[in-house]
Amino acid sequence: MYKTQTSLFGKLMTMFAGVALSGAALAAAPAAPAASATPQVEIKTTMGDIVVELDREKAPKSVENFLAYVKSGFYKGTIFHRVIDGFMIQGGGFDEKLNQKKVNKPVPIESQNGLSNVTYSLAMARTGDPNSATSQFFINVADNEALNYPGRDGFGYTVFGKVVKGQEVVDKIKGVLVDDKGIFQNIPVIPIVIKSATILKTPIQPKL
């Protein structure tokens, strides 16, 4: 039998988851553009497009980690493999055949950065090890105060950005039909695939 949602915290811990320039040449060379403090990434999915804005100032390690996966094209073909209406939608680790992709070195937790797991915030998924976050992320679809530092396990979950466009897409995803399949719980019956994830050259202006 299919189901649309499960206990909010009952399965929380399963989440999760060259040549030197001379002085003259250096002076003449144009300055490299400064990295944006709030880069934006467009995530195109089979249910619509989502734009997330990242907070490099408050979560520098998590942002650089996420951007490295984006730049490498890692997220293309991955799915949202865990969807719980009233809680969060999680993706970025498995392909449509439920094969887990090879990931980079884990990133240290940054949950004490002042950012909260509120609705439409973007956070790092992890296992019970607080420093185990790699490629998987989740978007909160409710105000999940229990995920903030220190949380129930003394660590909480790192928020590193927020959705600035496509909130209606997030809302559509959270309401899809889900079921359990093998080790996967609350997996969409019809796969929700990430077609691409790219850094926006021209950031959008979030609606107030």
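Considering the conditions (1) more than 15 Å from Q90 (Cβ to Cβ); (2) under 14 Å from the mean Cα position of the chain (by Cα), E145 is excluded by exactly one of them, (2). Of the residues making up the range 146-198, those that are of a type in the set (G, A, S), touching a helix residue (DSSP H, G or I) at 6+ places or on another chain (Cβ under 9 Å) and not in a loop (DSSP other than H, G, I, E, B) number 3. Residues in the range 57-96 that are farther than 17 Å from V170 by Cα and among the charged types (D, E, K, R): E57, K58, K61, E64, K71, K76, D95, E96. Among residues of the range 53-68 that are closer than 10 Å to E110 by Cα, those with a beta-carbon under 9 Å from a residue that is of a type outside the set (S, T, N, Q) and surrounded by fewer than 16 Cβ atoms within 10 Å (Cβ to Cβ) at least six positions away or on a different chain give the pairs K58/G114; K61/P108; S62/P108.
Each reported figure results from applying straightforward, stated rules to the coordinates on display, with no laboratory input. Nothing here was measured: the structure is a model prediction, and the numbers come from that model. In this analysis, Cβ positions are derived from the backbone assuming ideal geometry, glycine residues included, and neighbour counts consider all displayed protein chains.
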